[in-house]
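Student: My questions will all concern the structure given below.
The values are calculated or read from the model by the stated rules, or taken from the named source; none is laboratory data. Computed from a predicted model, the values in this text were never measured in an experiment. Here the Cβ positions follow ideal geometry from the backbone for every residue, glycine too, while neighbour counts run over all protein chains shown. Heavy atoms of the whole protein, side chains included, go into the accessibility calculation; ligands, DNA and RNA do not. Shrake-Rupley method; radii C 1.70, N 1.55, O 1.52, S 1.80 Å.
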Amino acid sequence: DLTERRRAEEALKLRDRAIEASDGSIILVDMREPAQPIEYVNPAFTRVTGYGSDEAIGKNQSILSNQSMPRAFYQSLWKRISHGEPWGGRLVNRRKDGSKYLAELSISPVVNGAGEVLNYLGMHRDITEVQRLEYQVRNQKALIESVVDAAPVVIALLDIDDRVVLDNHAYKMLQADLGMAEPAPMLMTAVRASLELDSGRGRRTSGYLFLDREVRLDPPGGKQPRWFSCSGSRVREDAGTAEAFLA
């Protein structure tokens, strides 16, 4: 049917335009040839790697290899895709100018009706900056934890359910001294009682900040009561869920 054929041709043209316009780097490798040459690259491939289509087509995809990934990595990759299974992961690639970049790569086999692998479709993007930001956050977290741990006062960070999510060395020493698993929630209960008492007396208090609140803690086992001077403030944490994106 002529109409159906035209529709099929238009669909193919639309697919080709979508691939050409894609912001992700796309590469098609011909597995029917022993050298496994590159058969197609889209414009995004050139923007990421620096190789034009005329420079990449006909070459092996190893032109992007930085030769730094362990041999076992590639063996695992090829074992998976040679069995007709998709693969995804990160690896270090090299641009035409020799500079390195971290690529997030996904490879999918293209099979015919008989289940034979004809091509590999590779899609990847440069995530070097994403990786840098991830490590910046990780390093900042480690720095904060080291500073907190070195502080000469007891520090504990509690969530809204009074569960301790971060503490320091001085807090662990207090746990051992009192013989209690988590003294911080009990101290917070005492602080809240103190704040409510002041509020009932007409004194101005803030639920977000308290300074030098003297509270009593009764350790288990009949030990002598202990008094502590407590200060604290609330820390706002933004949710990272999809539902909270527009909040």
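Student: Highest GNM mean-square fluctuation, the chain, Cα pairs closer than 10 Å: which of Y74, Y51, Y40?
Tutor: Fluctuation is largest for Y74.
Student: If you take the C-alpha gyration tensor of the chain, multiply each eigenvalue by 5 and take the square root, what semi-axes do you get, largest first, in whole Å?
Tutor: Taking √(5λ) for each eigenvalue gives 62, 23, 17 Å, largest first.
Student: Counting only protein heavy atoms and a 1.4 Å probe, tell me what percentage of the chain's accessible area is made up of carbon and sulfur.
Tutor: Here carbon and sulfur together make up 55 percent of the probe-accessible area.
Student: I've got another one for you. Take the Cα atoms of the range 123-247, find their three principal axes, and give me the spread along each one in whole Å, biggest first.
Tutor: Here the spans come out as 66, 36, 22 Å, largest first.
Student: Can I ask one more? With just the Cα atoms of the range 1-94, tell me how far they stretch along each of the three principal axes, in Å, largest first.
Tutor: Largest to smallest, the principal-axis extents are 53, 31, 24 Å.
Student: Mind checking Rg over Rh on the range 1-52, alpha carbons, Kirkwood formula for Rh?
Tutor: Taking Rg over the Kirkwood Rh, I get 1.13.
Student: Something else about it: Sorting check: for 76-87, 94-105, which peptide has the highest mean count of neighbouring beta carbons within 10 Å, and how do the rest follow? Kindly include the intermediate steps, with their values, before the conclusion.
Tutor: Numbers: 76-87: 13.3, 94-105: 15.0.
Put in order of decreasing packing, that is 94-105, 76-87.
Student: Per residue, how many Å² of accessible area does the chain show with a 1.4 Å probe?
Tutor: 69
Student: Net charge near Q67, counting Lys/Arg +1 and Asp/Glu -1 over other residues with Cβ under 11 Å of its Cβ? Could the numbers behind the result be given before it?
Tutor: On the way: positive: R71, R94, K100; negative: none.
Taking every Cβ under 11 Å from that of Q67, the sum is +3.
Student: Would you compute, from DSSP H runs of 4+ residues alone, the mean residue ellipticity of the chain at 222 nm, taking -39500 (n - 2.57) per run and dividing by the full residue count, rounded to the nearest 500? Don't skip to the answer; put the middle values down first.
Tutor: Numbers: 7 runs with 94 residues, N = 247.
Per the formula, -12000 deg cm²/dmol.
Student: Pull out the extension gain between D159 and S53, defined as 0.36 nm times the separation in residues minus the alpha carbon to alpha carbon distance; nm, one decimal.
Tutor: Between D159 and S53, full extension yields an extra 32.8 nm.
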